[in-house]
1. I'd like to verify a number: residues in segment 158-196 that are more than 20 Å from residue 76 (Cα to Cα), assigned to a helix (DSSP H, G or I) and either modelled with pLDDT of 95 or more or open to solvent by less than 40 Å² (accessible area, probe 1.4 Å) (or both), how many?
2. Report the residue count in segment 81-136 for those that are among the polar types (S, T, N, Q) and open to solvent by 50 Å² or more (accessible area, probe 1.4 Å).
3. Touching a strand residue (DSSP E or B) at 6+ places or on another chain (Cβ under 7 Å) and of a type outside the set (Val, Ile, Thr), is that true of residue 247?
4. Given (1) open to solvent by 60 Å² or more (accessible area, probe 1.4 Å); (2) in a strand (DSSP E or B), where does residue 230 come up short, assuming only one miss?
5. Which one is most open to solvent (accessible area, probe 1.4 Å), of the residues in segment 21-56 that are part of a strand (DSSP E or B) and among the small types (Gly, Ala, Ser)?
6. Could you tell me which of the residues 150, 138 is within 16 Å of the ligand (Cβ to nearest atom), closer than 24 Å to residue 122 by Cβ and at pLDDT 95 or above?
7. Can you report the number of residues in segment 192-229 which are more than 21 Å from the chain's Cα centre (by Cα) and within 30 Å of residue 170 (Cβ to Cβ)?
8. Out of all the residues in segment 204-215, which are more than 10 Å from the ligand (Cβ to nearest atom) and either open to solvent by 50 Å² or more (accessible area, probe 1.4 Å) or without any contact (Cβ under 8 Å) to a residue 60 or more places away in the chain (or both)?
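The values are calculated or read from the model by the stated rules, or taken from the named source; none is laboratory data. Small disclaimer: the values here were computed from a predicted structure and weren't measured. When we count neighbours, we look across all protein chains shown, and the Cβ atoms used for this are built from the backbone with ideal geometry, even at glycine. What goes into the accessible areas is simple: the full protein's heavy atoms, side chains included, and nothing from ligands, DNA or RNA. Shrake-Rupley method; radii C 1.70, N 1.55, O 1.52, S 1.80 Å.
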Amino acid sequence: MKTAFITGATAGIGAAAARKFIAEGWQVVGTGRRSERLGELKDELGDRFLGIVSDMRDVDDLQRVVGELPECFQGIDLLLNNAGLAPPMNDLQDADQAPLSNVIDTNVQGLVALTRALLPRLIERKGAVINLSSVAATYPYRGGAIYAGTKAFVRQFSLGLRCDLQGTGVRVTSIEPGMVETEFTLVRTGGNQAASDALYANMNPMTAEDIASTIWWVASLPPHLNINALELMPVSQSWAGFAVSRSEG
Ligand code: 8X3
């Protein structure tokens, strides 16, 4: 049986991907910080789901998690680096450092550490790494410098990792979604449900299930075929124009 290792499995795209892979006959190791959510997923998905409480910011703990996987979950065919978040949308000159470090530690440091820890197992199985980047990796917007920077890292890391893994048979993909209605905006706004609802109002955003299906499609392609990067948006989202300041004298 194939095994997917999914970070941030407690909600949104991670939980939808866990459901999708289980439905397709895989088993799933799902990590997250909220033990009660992992317990609920276990109740829902059964014995083919193993929930492990883990914080992506703790790179030593990630090593422990990988080292202590139970026997039947040790072979890993797919790593889905889904865990990630965005800090509040402040201009950098107005931002506190702590939330920024939190995001960089999760989206970059944790992702690298976990990937490095799992690569020997992925190479053994000629597996795949699917990293969740964002359209923000390519298209900047105000207040998103740190988030966009981390997601640009994820995209370029994915492409570079392909080079390192040349000859191993391991595939690497950067998935780059635009607006997906999950807890993403709730987290970004510090729990402001009204702000989250307003952002996604009347515009038909993508769903976690849309992205999970895309991830499944990438994962189930023939093994000689690598999707390098895949960018998605809801039809109702496109690009803004350039911003021009007319107040600088
Ligand atoms: C977030 C993408 O378009 O909601 O990764 O800012 S967007």
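1. 9
2. 4
3. no
4. In the conditions (1) open to solvent by 60 Å² or more (accessible area, probe 1.4 Å); (2) in a strand (DSSP E or B), residue 230 misses (1) alone.
5. 51
6. 150
7. Count: 4.
8. 204, 207, 209, 210, 213, 214
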